[in-house]
Every structure is written in structure tokens, then in C-alpha cells.
Amino acid sequence: MTAFNQHKRQIVDRMGVYAAIDAVAGHEHAMVARLSDDLAPLVDHLDIDPFGNLMATKDGPAESPSLMISAHSDEIGGVVKAIEPTGMIRFERLGGVIETLLVGRAVRIRGHAGVIGAKAGHITAPSERLTVPPLRELYIDLGFDDDQAVAALGIRVGDAIAYDAPMRALANPDRLSGKALDNRVGCSILVELASRLKTHSLSCTVHFVVAVQEEVGLRGARMATYRLNPTAAIVLDTMPSGGTPDVSASQDLSMIIGAGPVITTVSQGGNAGAIAHPAMRDFLVRCAERDGIPYQLAVFYGGNSDAASVHLVREGIPTGIVNIARRYSHSPVETLDANDAVQTLLLIEAAATSFGSETDLSFLGSDPG
């Protein structure tokens, strides 16, 4: 097996394990616990703050600069709003859940299997078949007929609801699909990187950060960045892709799966956004071109990553953005290419092993484009 394929196997195996863990925003406990176990033997010290942000550090030489490389642990999902006397559960969303993808879906609450109810087709009026029920009309059926049976499971208002959609390979075995690949692929790459750098002598201190609550407002990354105050940062996440019949490569999304990591230059969603620091953008491009790593340059309007929070902390943190393109974003069938994950690992590793006191982070020292 080639080194590339070995990395792919390790990342894919890890990603399958991580994606199976439910960690809806604000309820990342199980994911953080697993990441803590996996990262602790690979770093010099590890800490988890009161909100669940995990910060694992490999120390560099004294007085050396620090590079923060971050991913996020949470996934989109729902939260229990009420339990009706019939045992049916009403819910609200946590993160970018889309109503059109909900009816009839398998879900889990506290590990217990349920399904989002669907009106019988036999009694659905023709006009209703072309519409989507609003969220307030949807409910979750755990298979019981009264609220006491639900309560006996320990389920209560405020509990998280996750899709039940295990990761699987498609007919093309390099194409992986399932829930929470955003951003369990980033977590997998981060752990793999820590393993590869464990015995490596670096010119900087590296902070491996896994932030909470990215899907509900980029919250945890701001806290972790403030605490660490790194010299620079790289945010690792996923992003929507083109390459399907319903997306224009020129009018919508130019990035595609299978063409390497995306070095994102601009992202904007709602009132938040990030323009990649030009020196960090150029640094990432140089690393990719030096090592022959395929990459894509792209802009993304319609969403964000933790970079939108990270770069604003304290006096400002020079921040680069590396994304893995994925199809069917914020669905239970998010789809990405395993080769992109390996190329992303190689790019982030190249950046970590190249970053040091000689890295030029000045604004005027960058290519204005």
C-alpha cells in the first residue's frame, strides 16, 4: 500500500467512527471526549475549556511563533421543544437544517431511534404533495403512545436530535456520504496531522483546536482563539461544491470534489464573513505548489467558517482558510472525496512544517492580486 493510500485508509476509518458520534451544536460532549482520548498521546499538553473547546498543543522552540489549526466538532441537528401526551416530540432546529430534507428521516435522541413522521400518501391531497410542511407541524415518533414512556428513556426538553445516517462509500469507493461529514473530516485530518507531527521537530508551536458551536454562530472558535492568541491561524472546514446538474460553475460554485483542497479567498454569509489574510493565502499557495499538491482557489457567498470569528480576535489574527468541497451540504447525505481529505492533510502538514519566525505575515509583503 502506498503512503497516500495508507493515509486515506486511516482518515476514512477515523471519519467513519467520528461521523457515527452524535454531537449536535451545544451537545458535543461525546465527540470532545473521543477527540481528547485520541489527541492526548500525540501532544505535549491538552485542555478543554468550560464550553467544550479542545486545545491540544505541540510545543516549538522557546520564543517561536504559534500556528493554530482548527476544525469544529459540532454538527447541525435539532432540539426537543415539547413532548406531547401521545409521546410525539415537537422540535426546533440547531444550525442550518433544511425543512425539505426532514420528512420521513431517521433520527436519534440520546441514542434512541426515531423517525420524523410523514403523512400517509393515501390521504395526502394533491396540492400538499408539492409542498413542504413547516417545521412547527413536524414531529418525531419514537414508537411509543404516551409521554411517560418517552420520559422513562430520560428524554427531556432541550435534548439534542441528530440524523441517523451512517457514513458509507458510494459506488465509487472514494466518494463517501453520510451525516456530519461537516466537519468530522476536519477532525480526522487534525488528529492524523498531530500523529504525523508527534516526532517532528518544528519551528513553531502548533495548537490543534477543535471548536464547539460553529454551526450556530461560530462561537467556540472565538473563545479558543482569544485564549491562545496565536501568531497566525488556519481554519479547516468543508464547503458546498459545484459539479452537479443543479449548480452553475460560474454563477454559483466553482469548486468541485476530487480536485484537491480549496484555498478560500473570500467567504460571506449573513452579517459575517472573512477575506483570507493575503499573506496566509499566499503562504498556503506556495506550500501547495512547492509540494505538488493540487488545490483550488474559490470564493464562497452564502456561508462561513470559523475564520469569520478567528480573524477578528484581539488585534486581529492572520488567518488562512482551507476547505474540503462537499456535495449536498447540511443534509444527511453530505458527499466528499477521500482523496481531497488526504491532499488537505498534506497541505496542512506542509504549512505546519514550514511556518516559523521567517514567515512573512505583513500586509504589504503579500501579492495584492
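Odds and ends about this structure:
- Any hit, region 109-124, residues being in contact (Cβ under 8 Å) with a residue 12 or more places away in the chain, closer than 30 Å to ASN53 by Cα and among the hydrophobic types (A, V, I, L, M, F, W, C): yes
- For MET223, the test of being under 15 Å from the mean Cα position of the chain (by Cα), in the same structural domain as ARG281 (by TED's automatic domain parsing) and outside any loop (DSSP other than H, G, I, E, B) is failed.
- Condition met for ILE98 (among the aliphatic types (A, V, I, L, M), surrounded by fewer than 20 Cβ atoms within 10 Å (Cβ to Cβ) and not assigned by TED's automatic domain parsing to the domain that holds VAL185): yes
- Region 55-95: number of residues that are assigned by TED's automatic domain parsing to the domain that holds GLY320, surrounded by fewer than 22 Cβ atoms within 10 Å (Cβ to Cβ) and among the hydroxyl-bearing types (Ser, Thr, Tyr): 3
- Residue within region 234-242 that is at positive phi and in a loop (DSSP other than H, G, I, E, B) present: no
- Criterion: closer than 29 Å to ASN271 by Cβ, modelled with pLDDT under 95 and assigned to a helix (DSSP H, G or I) - qualifying residue of ALA298, ALA308: ALA308
- Any hit, region 243-256, residues being in contact with a helix residue (DSSP H, G or I) (Cβ under 9 Å, 6 or more places away or on another chain), hydroxyl-bearing (Ser, Thr, Tyr) and either closer than 23 Å to ALA180 by Cα or modelled with pLDDT of 95 or more (or both): no
- Qualifying residue in region 116-136 (condition: at pLDDT 95 or above, surrounded by 13 or more Cβ atoms within 10 Å (Cβ to Cβ) and not polar (S, T, N, Q)): yes
- Residue in region 14-37 that is of a type outside the set (A, V, I, L, M, F, W, C), out of contact with any helix residue (DSSP H, G or I) (no Cβ under 9 Å at 6 or more places or on another chain), without any contact (Cβ under 8 Å) to a residue 12 or more places away in the chain and under 29 Å from PHE355 (Cα atoms) present: yes
- Index of the failed condition, SER177 passing every other in (1) surrounded by fewer than 24 Cβ atoms within 10 Å (Cβ to Cβ); (2) more than 15 Å from the chain's Cα centre (by Cα): (2)
- With respect to being touching a strand residue (DSSP E or B) at 6+ places or on another chain (Cβ under 8 Å), touching a residue at least 40 places away in the same chain (Cβ under 8 Å) and within 23 Å of PHE4 (Cβ to Cβ), ILE234 fits the description.
- Residue check, ILE161 outside any helix (DSSP H, G or I), crowded, with 22+ Cβ neighbours inside 10 Å and either aliphatic (A, V, I, L, M) or not assigned by TED's automatic domain parsing to the domain that holds MET68 (or both): yes
- Verdict on VAL299 being closer than 25 Å to LEU197 by Cα, touching a residue at least 12 places away in the same chain (Cβ under 8 Å) and not acidic (Asp, Glu): no
- GLY186 fulfils the conditions (1) of a type outside the set (A, V, I, L, M, F, W, C); (2) modelled with pLDDT of 95 or more; (3) part of a helix (DSSP H, G or I); (4) outside the structural domain of VAL43 (by TED's automatic domain parsing) except for a single criterion, (4).
- Residue satisfying condition, being modelled with pLDDT of 95 or more, part of a loop (DSSP other than H, G, I, E, B) and more than 30 Å from VAL115 (Cβ to Cβ), within set PRO41, PRO85, PRO50: PRO50
The values are calculated or read from the model by the stated rules, or taken from the named source; none is laboratory data. This structure is a prediction, so every number in the text was calculated from the model and none was measured. All Cβ positions, glycine included, derive from the backbone under ideal geometry; neighbour counts span all protein chains shown.
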